[in-house]
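A.B. asks: Here's a structure for you.
Please treat every number below as a calculation from the coordinates, not as lab data. As the structure is a prediction and not an experimental result, all values here were calculated from the model. Every residue, glycine as well, gets a Cβ built from its backbone with ideal geometry; the counts of neighbours run over all protein chains shown.
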């Protein structure tokens, strides 16, 4: 088994330095960041990983620095880390406060709009590559919104999916430039299931939806989203939650991961049917996210192992796994992103977002990571791989990924 770098214990020497820094800042804080000295130093003889230091900063700031303005705290954290890691530190280009729970984020087809969930609402942000500006709030769900999906073929179409106590699928569109976004259509909750994941086919003529009760809904999308109807009767392989769906390149198969230690392979004949489960002794926990890449199925399990399965005859066989970190807990949402041109994966596990490079021989190396303060870290990479947006602990952040190679 190939193992990537794992987290070690926090370094007490550095934490003591942070404690002293926080005490000084608390005494002198006058809300003028330009007067704060960020020239931090530490003993280079002691090896310290970026994630260790980030964790120390996060822990000490949130536990000891009692500021009401969390956005200022986050900015302070990022400046400290930027000074310590000037070469490879990935710093957000924007930090916004959003106290309400956000379970999903998405970019439109030219990255000029971002949608975030906010409890039962959807917030639309205008984005110019720097700072997002809130432009509209959409209300069409009765409870938490769990999934968002912008059309990448049309300019102004968004689909939202409600969570456990809602389950509705709502279509939103903007008809004219100067007009607001409006609710166009609503598909009712099916069999009391909440929406867990949604994907389009390449042409966006089909919409695939995974539910908390194990049902897969497949919709036929017609006439520029003016008609959305069931392509076939929803099917349920088991009652286990569906955490992820991914189509292969030919779109004749898709694979699902569940709240179970197996995957389900589906195939299209006259209808989509589950044709087999994929099980292996290496699968010791459920998978939160999954993706077809070339001839491989790639999925991440709860324990932090990234599994690679290769097509063999009519099924997929386990080939290898790598450990992205040693945390044994995770949360759904935040799909795997893969940029084929850069051969770069962006993969969330626990409270980390990992950037993993793939070479021509299918070797993998972790080249960077982002660490947050909680495993309820939600986010998504834009379709072209240019930006990453995340939400965790009331903070909405955007990262520019253009310089990661």
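A.B. asks: Just checking, does segment 304-318 include any residue being part of a loop (DSSP other than H, G, I, E, B), in contact (Cβ under 8 Å) with a residue 12 or more places away in the chain and surrounded by 19 or more Cβ atoms within 10 Å (Cβ to Cβ)?
C.D. replies: Yes, segment 304-318 contains a residue that is part of a loop (DSSP other than H, G, I, E, B), in contact (Cβ under 8 Å) with a residue 12 or more places away in the chain and surrounded by 19 or more Cβ atoms within 10 Å (Cβ to Cβ).
Residues are listed down the side, and each one gets a yes or a no for (1) in a loop (DSSP other than H, G, I, E, B); (2) crowded, with 16+ Cβ neighbours inside 10 Å:
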position: 325; (1), (2): yes, yes
position: 330; (1), (2): yes, yes
position: 333; (1), (2): yes, yes
position: 345; (1), (2): no, yes
position: 367; (1), (2): no, no
position: 370; (1), (2): no, yes
position: 380; (1), (2): no, yes
position: 403; (1), (2): yes, no
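A.B. asks: Can you tell me how many residues within segment 165-183 are touching a strand residue (DSSP E or B) at 6+ places or on another chain (Cβ under 8 Å) and either surrounded by 16 or more Cβ atoms within 10 Å (Cβ to Cβ) or part of a loop (DSSP other than H, G, I, E, B) (or both)?
C.D. replies: Looking only at segment 165-183, we keep the residues that are touching a strand residue (DSSP E or B) at 6+ places or on another chain (Cβ under 8 Å), and these are 166-175, 180-183.
Filter once more, so that each one left must be either surrounded by 16 or more Cβ atoms within 10 Å (Cβ to Cβ) or part of a loop (DSSP other than H, G, I, E, B) (or both): 166-175, 180-181.
Residues in segment 165-183 being touching a strand residue (DSSP E or B) at 6+ places or on another chain (Cβ under 8 Å) and either surrounded by 16 or more Cβ atoms within 10 Å (Cβ to Cβ) or part of a loop (DSSP other than H, G, I, E, B) (or both): 12 in total.
A.B. asks: Separate question: Looking at residue 267, is it surrounded by fewer than 17 Cβ atoms within 10 Å (Cβ to Cβ) and farther than 23 Å from residue 288 by Cβ?
C.D. replies: Values: surrounded by fewer than 17 Cβ atoms within 10 Å (Cβ to Cβ): yes; farther than 23 Å from residue 288 by Cβ: yes.
Yes.
A.B. asks: Here is a further query. Looking only at segment 198-214, decide whether some residue is crowded, with 22+ Cβ neighbours inside 10 Å and on the phi > 0 side of the Ramachandran plot.
C.D. replies: Yes, that holds for at least one residue.
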